[in-house]
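Starting off with a structure, shown below.
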Amino acid sequence: MPRLKILFSLPECFPFAKTGGLGDVGGALPIALAARGHDVRVVMPRYRVTRKFESKPLAGPLGIPYGPGTLWTGVRRGQLSSKRGAVVPVYFLDHDGLYDREGVYGDARGGYGDNTERYSVLSRGSIELCRYLGFEPDVIHVHDWPTCLVPVLLDTVEQGTALARAASVLTIHNMGYQGWSSRDSYSEMGLPFSPEILGALDLNGQLNLLKAGILHSTIVSTVSPNYAREIQTKEGGEGLDAFLRMRGGDVMGVLNGIDEEAWNPEVDPHIAANFSAEDLSGKAVCKAALQREMGLPERPDVPVIGLISRLVGQKGVDLVVDALYQLMATGAQFVFLGSGDKSIEEVFQRASLSTPNVRAFIGMNEGLAHRIEAGADLFLMPSRYEPCGLNQLYSQRYGTLPIVRAVGGLEDTVDNGSTGFKFHELSSEALVGTVRWALETYAEPALFRSMQYRAMQKQSGWSHAAQQYEALYRFAVRKRRRALGQVRAVRL
Ligand code: ADP
């Protein structure tokens with residue numbers, strides 16, 4: 001099979017910038033594809049947080065057509081690499097005015113008001129970068145609303161150019177974020193006036209970048225098969241379900257993998273002791289260390305329940321808030337790590353100060369996230385909706401049984417009573433009931449140990465997902481070439 005040329009155009013990529021699961025995918029999938037022999041490159045903004053990573057400037061600036069003129073950015077080259085030797089070049093668009101800021105999408109005051117412009121420049125810049133490098137990708141893989149203009153550009157302003165041959169794959173990591181803006185902001189996208197582009201973006205008198213991406217990308221994918229089904233329903237489609245249904249067979253679900261190098265209890269450098277499915281003695285050491293670190297009584301017999309999450313409505317953390325007293329009354333210890341909604345942060349902080357068995361750390365803390373996964377016995381994910389979810393996969397790998405609501409990727413990845421515990425109803429009663437069931441199971445060591453073993457044995461790495469993406473890319477390339485009337489005898 002010929003190797004594919006693939007460009008990832010995305011707003012975040014671990015370790016250069018990460019605010020959630022998209023960042024994890026951006027850091028791992030390109031490497032898994034490169035390991036399969038493909039020519040993969042990544043383009044993203046050079047944020048302030050990205051500056052601490054090594055990169056070299058490329059000669060000459062990149063000119064991006066913008067409105068009637070040209071916007072100039074620098075380009076720097078860094079790389080993603082894996083211990084197994086795969087290397088992926090990462091190109092950073094370097095523009096102080098647009099990207100050298102405290103946050104990625106916003107700061108303490110909220111989202112940046114010029115995000116439409118910041119990500120339009122990234123989208124247009126991704127295509128210009130290909131020209132600049134002389135790189136003609138078979139596939140441009142875009143992620144969420146920030147790079148949804150790419151498929152639209154390929155179908156419009158790029159029509160007839162060599163780059164328009166590229167198939168576009170849009171992966172939706174979260175339907176809740178769609179890139180809405182007012183019609184007036186069309187000019188901030190730096191696009192020529194085009195009824196076709198405006199029509200694709202328009203939704204109820206406003207502009208919606210995700211909708212335009214759904215309509216123009218060759219293939220739409222999302223990060224779990226169950227979420228692919230849910231987003232085509234009124235309940236899960238966040239107002240865009242009709243457009244997804246229009247795409248019918250072009251909407252697919254590929255379950256995310258996890259970075260098995262970064263999240264491996266056998267070698268994880270963040271944790272007090274390493275351990276494996278066969279020998280959990282290190283996990284007991286991690287539990288004691290976590291209890292000490294968080295100022296909880298160091299009790300091996302008391303179950304520790306972890307939660308690591310953006311503290312937002314999607315994650316169902318309000319169910320935990322509503323159920324806090326009942327949860328505390330179970331006698332288990334709770335460790336919460338997260339940031340987001342100020343009112344939830346405050347409840348967790350107050351509980352942390354006033355209760356002996358609850359501790360919270362408000363903020364992002366990668367090391368603590370590893371130590372919670374390693375030291376806890378159980379893990380809470382009561383999500384309202386969950387496109388894939390990564391923490392339940394990390395938890396399983398660390399023998400920390402997840403207690404999840406059966407939605408999206410959580411439904412696909414947790415086997416009830418086998419590799420975790422599930423509840424269906426969106427209520428704190430259902431959550432508490434399932435936590436009690438999990439605690440009863442914890443009280444039966446042989447049963448709990450057998451569940452831990454099964455969870456830890458699960459294969460959740462990227463190699464399977466990379467294989468599925470590869471098939472999806474080849475399908476997209478054939479579809480694109482057919483649409484352009486360019487199918488040749490080439491086997492892709
Ligand atoms: P989402 O992308 O919706 O936030 P995922 O479960 O797909 O949810 O991915 C979340 C990622 O972000 C995981 O790697 C998780 O460990 C990490 N994460 C979330 N909050 C924090 C935090 N406060 N500190 C460290 N890591 C966090």
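Confirm whether Ile172 is open to solvent by less than 10 Å² (accessible area, probe 1.4 Å) and over 26 Å from Arg474 (Cα atoms). Working first, answer last.
Numbers: open to solvent by less than 10 Å² (accessible area, probe 1.4 Å): yes; over 26 Å from Arg474 (Cα atoms): no.
No; evaluated as a whole, the condition is false for this residue.
Further, regarding this structure: Failed condition for Glu278, given (1) assigned to a loop (DSSP other than H, G, I, E, B); (2) under 27 Å from Ala32 (Cβ atoms); (3) in contact (Cβ under 8 Å) with a residue 60 or more places away in the chain, with all others met?
Only one criterion is unmet by Glu278, namely (3).
In segment 331-361, how many residues are in contact (Cβ under 8 Å) with a residue 40 or more places away in the chain and in a strand (DSSP E or B)? Even if it seems obvious, please write down each step before you answer.
To start, the set of residues in segment 331-361 that are in contact (Cβ under 8 Å) with a residue 40 or more places away in the chain comprises 332-333, 335, 356-357, 359, 361.
Among the residues that remain, those that are also in a strand (DSSP E or B) are: 333, 335, 359, 361.
Within segment 331-361, residues that are in contact (Cβ under 8 Å) with a residue 40 or more places away in the chain and in a strand (DSSP E or B) number 4.
Here's something else I'd like to know. Which of the helices (runs of 4 or more DSSP H) found entirely inside segment 369-478 contain at least 3 residues meeting this: among the hydroxyl-bearing types (Ser, Thr, Tyr)? Write out each step before concluding.
Values: elements: 391-397, 408-413, 428-442, 445-457.
Passing ranges, in order: 428-442.
Another question, then. For segment 62-71, which residues satisfy the criterion of being in contact with a Gly (Cβ under 6 Å, 6 or more places away or on another chain) and either open to solvent by 50 Å² or more (accessible area, probe 1.4 Å) or not in a loop (DSSP other than H, G, I, E, B) (or both)?
Start the filter on segment 62-71 by keeping residues that are in contact with a Gly (Cβ under 6 Å, 6 or more places away or on another chain), which leaves 64, 66-67, 70.
If the condition is that a residue be in contact with a Gly (Cβ under 6 Å, 6 or more places away or on another chain) and either open to solvent by 50 Å² or more (accessible area, probe 1.4 Å) or not in a loop (DSSP other than H, G, I, E, B) (or both), then Ile64, Tyr66, Thr70 are the ones that fit.
It is to be established whether one or more residues within segment 82-93 are among the basic types (Lys, Arg), in contact (Cβ under 8 Å) with a residue 12 or more places away in the chain and either over 29 Å from Ser463 (Cα atoms) or not in a loop (DSSP other than H, G, I, E, B) (or both). Steps first, please.
Residues of segment 82-93 that are among the basic types (Lys, Arg), as a first pass: 83-84.
So of that shortlist, the ones also in contact (Cβ under 8 Å) with a residue 12 or more places away in the chain come out as 83-84.
When the remaining residues are screened for being either over 29 Å from Ser463 (Cα atoms) or not in a loop (DSSP other than H, G, I, E, B) (or both), the result is none.
The answer is no; no qualifying residue exists.
If you don't mind, another one. Out of the residues in segment 72-103 meeting the condition of being modelled with pLDDT of 95 or more and open to solvent by 80 Å² or more (accessible area, probe 1.4 Å), tell me which one is farthest from Glu158 (Cα to Cα).
Ranking the qualifying residues of segment 72-103, first place goes to Glu102.
Inside segment 29-54, can you point out the residues that are open to solvent by less than 10 Å² (accessible area, probe 1.4 Å) and within 16 Å of the ligand (Cβ to nearest atom)?
Narrowing segment 29-54 to residues open to solvent by less than 10 Å² (accessible area, probe 1.4 Å): 29-30, 33, 40, 42-45, 47, 50.
Passing the criteria: only Leu29.
Name the single residue, out of those in segment 7-25 being in contact with a His (Cβ under 9 Å, 6 or more places away or on another chain) and open to solvent by 10 Å² or more (accessible area, probe 1.4 Å), that is farthest from the ligand (Cβ to nearest atom). Spell out the reasoning first.
Pass one, segment 7-25, residues in contact with a His (Cβ under 9 Å, 6 or more places away or on another chain): 7-12, 20-22, 25.
Among the residues that remain, those that are also open to solvent by 10 Å² or more (accessible area, probe 1.4 Å) are: 20-22.
On the way: Gly20: 3, Gly21: 2, Leu22: 6 Å.
Applying the filter and picking the extreme gives Leu22.
Between Met246, Met252, which is in a strand (DSSP E or B), surrounded by fewer than 22 Cβ atoms within 10 Å (Cβ to Cβ) and outside the structural domain of Gln396 (by TED's automatic domain parsing)?
Answer to the check: Met252.
How many residues does segment 376-394 hold that are touching an Asp or Glu at 6+ places or on another chain (Cβ under 8 Å) and more than 8 Å from the ligand (Cβ to nearest atom)?
Residues in segment 376-394 being touching an Asp or Glu at 6+ places or on another chain (Cβ under 8 Å) and more than 8 Å from the ligand (Cβ to nearest atom): 2 in total.
The values are calculated or read from the model by the stated rules, or taken from the named source; none is laboratory data. As the structure is a computational prediction, the values presented were derived from the model and not from experiment. Positions of Cβ are backbone-derived with ideal geometry, glycine not excepted, and every protein chain shown enters the neighbour counts. Note: accessible area is taken over every heavy atom of the protein model, side chains too, but ligands, DNA and RNA are not part of it. Shrake-Rupley method; radii C 1.70, N 1.55, O 1.52, S 1.80 Å.
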